[in-house]
1. Pairs of Cα atoms under 8 Å, at least six residues apart: use those to get the relative contact order of region 109-153, whole percent.
2. Roughly what % of DSSP beta bridges within the chain run antiparallel, to the nearest 5?
3. Assigning unit charges at the beta carbon (Lys, Arg +1; Asp, Glu -1) and nothing else, what dipole magnitude in debye, to the nearest 20, does region 1-107 show about its Cα centre?
4. Assign unit charges at the C-beta atoms only (+1 for Lys and Arg, -1 for Asp and Glu), then state the dipole size of the chain relative to its Cα centre in Debye, rounded to the nearest 20.
5. Within the set 143/198; 20/138; 97/198; 143/183, which residue pairs have Cα atoms separated by over 20 Å?
6. Which whole-number percent of Cα pairs in the chain have a distance greater than 30 Å?
7. By how many nm would the segment from residue 108 to residue 93 grow when fully extended, if each residue of separation counts as 0.36 nm and the alpha-carbon distance is taken off?
8. Which of the peptides 77-86, 115-124, 56-65, 36-45 is most tightly packed, and how do the rest follow, going by the mean number of other Cβ atoms within 10 Å of each residue?
Amino acid sequence: YFSRNFEVIALELSPEDVVKMKGYQVRAIETRHSVPSLGYILEEDQRLGRFDRDAALSLGVPPGPLFGRLQHGHEVAVEGRVVQPQQVMGPARPGRKVVYTGDTRPCRSVEDAGRGADLLIHDSALASDMIEWAMETKHSTAKEAAELARRAGVRHLVLTHISSRYSEDSSQLLNEARHIFEKTDVAEDLMSLEIRFKDE
């Protein structure tokens, strides 16, 4: 019923495959479900370091186009001297990192992928009182997702793939997770999140 004005290209991926795009990449990771399954890491490229305007001025670089050249990694000549970018630029800064699990049991590959992530979106189908069913169906409980998020040192956890038994009230899942990992939310249709850079 809808037309689209963009091309869709389907790629079959295996664990550790990487799709590079402009400014970011997506890497597939193996997850643990009842059928072969993948999760994904979306990671932005490193950003330029901070420009030290005072250092540039003290080296005799006048404001203007030469500032820009230094910021983009090019040396500049000023009054017969060469000024290198590293003299006025701080270290490269990390981009943002989002990990999405799809359906899975908690597993080492997701924990490793989530290390230091800005956002982890993790399967949290069930509450802890249904752990046996979660293990049998190869899903995760909210508590397990929160424990993994804490171990991995993520900044924000979003619980997803919530069982329909919690469609009216997901507070049990949220409370279980927040007891372990405070910065947790439950995914909702059309949810929007702002992911800030770590150095902001």
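Quick note: the coordinates plus some simple rules give every number you see, no bench work behind them. Only a predicted model underlies this, so the values are computations on that prediction, with no experimental measurement involved. Please note: Cβ atoms are built from the backbone with ideal geometry, for glycine as well, and neighbour counts cover all protein chains shown.
1. Computed over region 109-153, the figure is 48 percent.
2. 65 percent
3. The dipole of region 1-107 has a size of about 240 debye.
4. 740 debye
5. Exceeds cut-off: 143/198; 20/138.
6. The calculated P(r) of the chain puts 39 percent of pairs beyond 30 Å.
7. Once the chain is fully extended between residue 108 and residue 93, it gains 2.7 nm.
8. The most tightly packed comes first, giving 115-124, 36-45, 56-65, 77-86.
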